[in-house]
1. What is region 15-224's relative contact order, in percent, from Cα pairs under 8 angstrom and six or more apart in sequence?
2. So for each of 168-180, 200-212 I average, over its residues, the number of other beta carbons within 10 Å; can you give me the resulting order with the highest mean first?
3. Just report the Cα centroid separation between region 71-89 and region 142-174, whole Å.
4. Calculate the spin-label point distance for Arg186 paired with Ser155, positioning each point 7 Å from the Cα along the beta-carbon direction, and give it in nanometres.
5. Can you give the calculated 222 nm mean residue ellipticity of the chain, where each DSSP H run of n ≥ 4 adds -39,500 (n - 2.57) and the sum is split over every residue, rounded to the nearest 500 deg cm²/dmol?
6. ³J(HN,Hα) across region 104-110 via Karplus (A = 6.51, B = -1.76, C = 1.60, θ = phi - 60°), whole Hz, x for Gly/Pro?
7. Out of residues 5 or more away from Leu137 or on other chains, whose amide H comes under 5 Å of its own, with H placed 1.01 Å from N in the peptide plane?
8. Relative to the Cα centre, what is the charge dipole magnitude of the chain, using +1 at the beta carbon of each Lys and Arg, -1 at the beta carbon of each Asp and Glu, and rounding to the nearest 20 debye?
Amino acid sequence: MLATGSSTKDRIMEFVFVVPRKALFPECYPHGFTRFGDGLGEDAFHGIVEEHGFFVERAYAERTPSLKQVIPYTIVTRDGEVFLLRRNANGGESRLFNKLSIGVGGHINPVDLPTDGEARRNPIPAATRREVAEEELEIIGTFGVQAAGILNDDSNPVGAVHVGLVQVLTVDGTVAVRETDQLEGRFVSLAEIESLLDGDANLETWSSLLIPHLSHLVPGILASSPS
């Protein structure tokens, strides 16, 4: 996953949003991407987030697989192409150096909680806006976000403590990375992305799990592929 860059020292007292594993997956642990409607509805997922989610210190969450850190993982698309990102060595998070990603994401923090006083509070929309449009990317124009499903990978220690909410953000305008000394990005076609998966590209695990589903997730992406 593409998390915001922060060193271990910087995140010692960071608090992140988690949901108990048993609340999310009471019967079995899915692997890879699960589209909403295939056993889990979008409303049901958000209901679980609102009812069972809470904040804990990130250092504790990172070593506690019984808790899943919820990561809004957003595919940015325009005209049938996907924004491909690479974080360089200045990006802060050493686990992500030189990794390629088709998703923009990061941890949900207390600042993302709504402040309107509602009893049921969902921090995901604010976290998405903060990560995508305020911290990672500069978007000039209009955009809309559509939730698509969840992404889970318990095959490694990092994946075991995270779950992704996969979203598709469709842009009508321009997109650029904000901190060019840490991150680079460009729009690419489905054909180019699939060639990365077929080759030896240094893809993030979550991105490699999502690429086979892109033709069903991204509006118009088939038009950018060879016929």
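Throughout, read-outs are computed from the coordinates displayed, never taken from laboratory work. Every value quoted in this text rests on a predicted model; they were computed, and no experiment measured them. Virtual Cβ from ideal backbone geometry, glycine too; neighbours counted across all protein chains shown.
1. The normalised contact order for region 15-224 reaches 28 percent.
2. Packing proxy ranking, top to bottom: 200-212, 168-180.
3. 10
4. The two pseudo-label positions are separated by 2.9 nm.
5. Counting only the DSSP helices, I get -4500 deg cm²/dmol.
6. 9, x, x, 5, 8, 10, x
7. The list, which skips near neighbours in sequence, is Arg178.
8. So the magnitude is around 440 debye.
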